[in-house]
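Accompanying notes for the structure given below.
Every read-out reported here was derived from the displayed coordinates using simple, explicitly stated rules and does not represent laboratory data. Predicted, not measured: the structure shown is a model, and the values here were computed from it. Note: ideal-geometry Cβ built from the backbone for every residue, glycine included; neighbour counts use all protein chains shown.
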Amino acid sequence: MKNYKIKIINKLLNINYTLICNEDEYILDLIEKSNYYIPYSCRSGNCSTCIAKILNKKGTVFQLKPNYLTKIQLLNNYILTCITIPTSNLTLLIK
Ligand code: FES
């Protein structure tokens, strides 16, 4: 099984940590399992509370159908962490 490094940052909130994510693990589940917190609500891609932005240009993911992301958000590398698994190392900006 592959693992990927997931760096979570938000300079304004002084958040900067790196986690190791299995290739079949949702990013939000990993964050919770690791005793960190990001905002979330529905856990099914239907609210966008768990939104994050991929900052590394070569970052790739597999995301289930995100009902609450606009085409512009998708084009600008936004993801919903509750329905997204990594397919590369990622640097994520969280709110
Ligand atoms: S928690 Fe609602 S979309 Fe992720």
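Of all DSSP bridge pairs formed entirely within the chain, close to 80 percent run antiparallel.
Taking Cβ atoms as reference points and 15 Å as the exclusive limit, the residues near residue 3 contribute a net charge of 0, counting Lys and Arg as +1 and Asp and Glu as -1. For residue 43, neighbours were defined as the other residues whose beta-carbon sits under 15 Å from its Cβ, and their charges (Lys and Arg +1, Asp and Glu -1) total -1. Sites listed here are trypsin sites (Lys or Arg not before Pro) in segment 1-55 whose DSSP assignment is loop and whose Cβ has at most 14 other Cβ atoms within 10 Å: 2, 11.
Please tell me which of these pairs span more than 23 angstrom C-alpha to C-alpha: 33/57; 5/71; 7/53; 2/95? Beyond 23 Å between Cα atoms: 33/57; 5/71; 2/95. Summing +1 for each Lys or Arg and -1 for each Asp or Glu among the other residues whose beta-carbon sits under 11 angstrom from that of residue 15 gives +3. Relative to its residue count, the chain spans a Cα convex hull of 88 Å³ per residue.
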